[in-house]
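Structure, as structure tokens:
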Amino acid sequence: MALFQLSDAPSSNDVAALREENQRLRKVCAALMERVESGGTPNGAPYAAFERSVLLAEQVRERTDALHRTLDELSQVNARLLAANAEAQAANASKTKFLAAVSHDLLQPLNAARLFASALEAHALPAASQALVSHIGRSLKDVEGLLGTLVDISRLDAGVLHADKAPFAVSTLLDALAEEYRQVAGVRGLTLHYVPSQVWVESDLALLARVVRNFLSNAVRYTEHGHLLLGCRRRREGLEIMVGDTGPGIPEPQRQAIFLEFRRASQPQANQSRGLGLGLAIVDRISTMLGHPVRLASQLGHGSLFSILVPYADIGKDQAAPPRTSTEWDVDPLQGCVVWVVDDDPAITEGMQALLGGWGCRVRAAATVSALEAASDGERPAVLLVDYHLGEHRENGIDLAARLRRRYPGLAAVVITANHEAAVKRATREAGIHCLLKPLKPLRLKMLLGTLLENG
């Protein structure tokens, strides 16, 4: 084997030849590399460009990995946000239920207190006692306004307040407000000029009343002397309901800000309630919901004019005439009128008895119809006032009123409720029944009763 290896070993000539060939190949390779390098791009050699490409590829890979990690983190954040949103929706649903409880459970005792105070004001009392009763009434009205404002703004934020538009005579709304605020303005030493209108409009009566009431309340609050104006002006696009005053006016820079929450144009007088600065914020949201534009014109030192544009109702010319105001009645229709009151709250039934009795009505009040019929001695009712919520496992006020109207043809019915949902207002209207909201405004009730009895 050793001999074979020695015989196969390359000679010195072969080694020299191999070395020479290796050197030649190296020269050729160097020449080729030089030629490639010299024929490259102006900005750099191809090899350098290749190195940069490799570097960029590595950077792209690193950034892609970082992007994937970020997307994973965003997915986790999104999952947490979805969970938080679900919790927020659950909290909103709980808030809605709470608002429903506030509307009924908190407004019930306030409604009873207003009824008792209004009934007491009709009694002949010593001057000092009458003054105390007036103070109680104003304080209760302030509480009603504050609580109503908080409930309304919460409902608007929760999205549970919806409009129920229907045709109605604008006098149905403005006559009652004019009579109410004529008295309120008189207490402040102001006069109210009211220009009635016979026009029919289409809107949500309760929500529109909220807007005009806020206009009037602000006019009374900020006007020290002079007069207020409530009236309408026909426009091509609709009826413009206007409330004007002779107050201090609103500076130009504040005319948009006062429609924001907790903003006031100026400080009210010392003997006037401050409110929450939410009235015009509610006006702005309600008008947006209804699609009724609000306008403000003001001149410093000369007063302000707020208005809302309401579309005309599409009705025939033979539509029934609007109800007359209480000043047009020759004989008080409430005297001797038999009124049935159904409410499961004893305080409400007692308050309604005191209030209606002071107006000359013959009142029967109880929690059930059977109790009323047992105490009526066969006497037929002319008007039914019934609460909407009559307790669990009982029919609601609309169904009860419909049943009694079948039993007593010609019976006028009014459902009184703290439930402001559009569905309830729509159901009462479709049933041909009037609806009043709690806390009940006694003057509004008196005017409605007079209208029902006069037209009945």
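Mind ordering 13-19, 148-154, 229-235 by average Cβ neighbours within 10 Å, highest first?
Working: 13-19: 10.4, 148-154: 18.4, 229-235: 15.9.
Top of the packing list down: 148-154, 229-235, 13-19.
Sort 367-380, 341-354 by packing, meaning the average of other beta carbons within 10 Å per residue, with the highest value first.
On the way: 367-380: 13.0, 341-354: 20.7.
Top to bottom by mean Cβ count within 10 Å: 341-354, 367-380.
How far, in nm, would the chain grow between S53 and I315 when pulled straight, counting 0.36 nm per residue and subtracting the alpha carbon separation?
Values: separation 262, 0.36 × 262 = 94.32 nm, distance 7.89 nm.
Gain on stretching S53 to I315: 86.4 nm.
Starting with the highest mean, order 131-140, 396-405 by the number of other Cβ atoms within 10 Å, averaged over the residues of each peptide.
Working: 131-140: 14.8, 396-405: 18.9.
By packing density, highest mean first, the sequence is 396-405, 131-140.
How are the Cα pair distances of region 151-230 distributed, in percent, across 5 Å bins from 0?
Whole-percent P(r) values from 0 Å outward: 3, 14, 22, 20, 16, 14, 9, 3.
Rule-based calculations on the coordinates, nothing more; no lab input. Keep in mind that this is a model prediction, so the values were computed, not measured. We place every Cβ from the backbone using ideal geometry, glycine too, and count neighbours over all the protein chains shown.
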